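No lab work stands behind these numbers, since they all come straight from the coordinates. Quick caveat: nothing in here was measured; it's all calculated off a predicted structure. Glycine gets a Cβ as well: all are built from the backbone with ideal geometry, and neighbour counts include every protein chain shown.
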Amino acid sequence: MKVDELKVYRGLIDNRTLMTLYSLFNKGIISEIIGIIKEGKESGIFLGKDKNGDKIAIKVYRTVASDFKKMWKYLIADNRFSKIRKDKTSIIYSWCLREFRNLSICFNNGVSCPKPIYAKNNVLLMSFIGDDNPAGRMIDTLVGKKEYDFIIKQIAKIAKSGIVHGDLSPYNILMHKKPVIIDFSHGTSIKSIFADEMLKKDIQNINSYFNKLGTSTVDTDRVYEKIITKVKK
Ligand SMILES: Nc1ncnc2c1ncn2[C@@H]1O[C@H](COP(=O)(O)OP(=O)(O)OP(=O)(O)O)[C@@H](O)[C@H]1O
Ligand SMILES: [Mg+2]
């Protein structure tokens, strides 16, 4: 697919985004865009290839139709982004950069998540999760106690890395041999005023999903306390 052909994804790819993608091609960071994997509310994910011909996922954040006010509120509560400007461009670029930073920290601490490759403006490159096809979401897959325990461990690892995912659900977990956590854009510093509330919600979302499946779970408050005491050590 030629970069020009991406113009069909109006509403997702504006002229500035096209320029960003061109620059990533010119730098040799992207060698090919194969097609779209999924168009979501906040972003579109494309399948591409890096300079070695390995598959990569290209996440393009929408520069329109996002709730910028809400994003700004959460960003400035994160000490890493407390000083950002309030215009839409600054907000969306910071949102993308924050996902990149969150992924970098988590990946380096051994969390099961895509490997971040590069971030520029509203475009984030990461390793592709899947084989011939993209991995399915956990919500569409059969899972049980083994996956539950694994995910709770990941939440703890993420917290130990100083981050709270903040949007954890069976929609943001892919199944590729084991659960792989994606979509770290809401991920905030554990020091954010929203961190406690978000951590509890992440645990609660996972607990209610596995409870519905009939998997035995550990009480949300207990998991929360256990994680928090370890983080404070
Ligand atoms: N690294 C990846 N490898 C393979 N597929 C991916 C990858 N990242 C995302 N996807 C696919 O793209 C979808 C959307 O990704 P993500 O959740 O990061 O974006 P989003 O803007 O929150 O989208 P949505 O509105 O659907 O939640 C995922 O559900 C998954 O199917
Ligand atoms: Mg998502």
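Some observations on this one:
- The stretch 3-127 - percent relative contact order, Cα under 8 Å, separation 6 or more: 20 percent
- Relative contact order (percent, whole number), the chain, Cα cutoff 8 Å, 6+ residue spacing: 15 percent
- Kyte-Doolittle mean at least -1.0 and Cα axial length at least 15 Å: DSSP H helices in the chain: 15-26, 88-108, 145-160, 195-213, 220-232
- Listed pairs LYS59/LYS232; LYS69/LYS145; LYS2/LYS201; LYS115/LYS145; LYS145/LYS200; LYS73/LYS177 exceeding 30 Å between Cα atoms: LYS59/LYS232; LYS69/LYS145; LYS2/LYS201; LYS73/LYS177
- FRET efficiency for ASP196 and VAL64, using Cβ-Cβ distance with R0 set to 22 Å, rounded to 0.05: 0.10
- Charge dipole (Cα centre; +1 on Lys/Arg Cβ, -1 on Asp/Glu Cβ; no other charges) of the chain amounts to roughly 720 debye.
- Put the Cα centre of the stretch 101-120 next to the Cα centre of the stretch 132-193 and the gap is 13 Å.
- Reach of LYS153 by Cα under 20 Å, taken over aspartates and glutamates that are not fewer than 8 positions away in the same chain: ASP167, ASP183, ASP196, GLU197, ASP202, ASP219, ASP221, GLU225
- Each peptide among 192-201, 55-64 gets the average number of other Cβ atoms lying within 10 Å of its residues, and from highest to lowest they stand as 55-64, 192-201.
- Calculated [222 nm] ellipticity per residue, helices only, for the chain: -12500 deg cm²/dmol; basis is -39500 (n - 2.57) per DSSP H run with n ≥ 4, divided by all residues, nearest 500.
- Unit Cα scatterers, Debye sum, the chain: log10 I(q)/I(0) for q = 0.08, 0.12, 0.16, 0.17 Å⁻¹: -0.30, -0.67, -1.16, -1.27
- Annotation: average projected area of the stretch 88-177 is 6.5 square nanometres, based on the convex hull of Cα atoms across all directions.
- Listed residue (TYR209, ILE158, GLY144) projecting farthest to the positive dipole end of the chain, Cβ model: ILE158
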